[in-house]
1. Tell me, in nm to one decimal, what length is gained between TRP114 and ARG2 on full extension, where the rule is 0.36 nm per residue of separation less the Cα-Cα distance?
2. How far apart, in nm, are the 7 Å Cα→Cβ label points at THR61 and ARG90?
3. Leaving ligands, DNA and RNA out of it, rank GLU82, GLU87 by accessible area with a 1.4 Å probe, largest first.
4. Full-extension gain between LEU125 and ASP22, please, as 0.36 nm times their residue separation minus the C-alpha to C-alpha distance.
5. Fully extended, how many nm does the chain gain between LEU40 and THR79 (0.36 nm per residue separation, minus their Cα-Cα distance)?
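The values are calculated or read from the model by the stated rules, or taken from the named source; none is laboratory data. The structure displayed is predicted, hence computed values, not measured ones. Methodologically, a virtual Cβ is constructed for each residue, glycine included, from the backbone with ideal geometry; neighbour enumeration extends over all protein chains shown. SASA here: full protein model, heavy atoms, side chains in, ligands and nucleic acids out. Shrake-Rupley method; radii C 1.70, N 1.55, O 1.52, S 1.80 Å.
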Amino acid sequence: MRRYDDPVEVRRGPVDAGSESDAPSQFLWRGRLWKVRSVLAHWVETSPWWNSPGAQAAIGTDSGPGSTCEPQSLGELLTERELWRVEAGRGSAVGLGPDGEPDGGGVFDLAFDWADGRWQLVGCLD
C-alpha cells in the first residue's frame, strides 16, 4: 500500500442498503471524483500519547534538560482519528469507465481527524 497525506473532500452517506449512513460515499482526490463501492473496514486510532514529553518524563525515558512531568491538555491526549478502508472507482460498479476502459479503481484509506475536522487520504492500493 502506498502512503499519502493528501487532503480530500468527502461526502458521507450510505454506500449500499446495509451500510452505515455516515460512511464515506464519495471523495474528491487530486481533482477526480471517486465513488465508494464498498466499505471494507472502519476503525478509530488514538494519537501516540505515550510519545509525548510528559509521558516520557513520567516513565523516566526522557532525561533531557527541561523535561518535566507536567500533565498535557486533555485534547492532546485524546486526539482521535476515524479511518475507513473503502473500495472505490471513478466509473460504474463493474469497474469500467464511460468509455468501456478500466476505471482505475482501488482500495483507499480515508482518515477523519476529529481535532481539526479534516479528511486525509492516507493510503492507496490500486
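1. Separation in residues times 0.36 nm, less the Cα-Cα distance, equals 38.0 nm.
2. With each label placed 7 Å out from Cα toward Cβ, I get 4.4 nm.
3. From most accessible down to least: GLU87, GLU82.
4. Contour length minus the Cα-Cα distance gives 34.8 nm.
5. Full extension from LEU40 to THR79 adds 11.7 nm.
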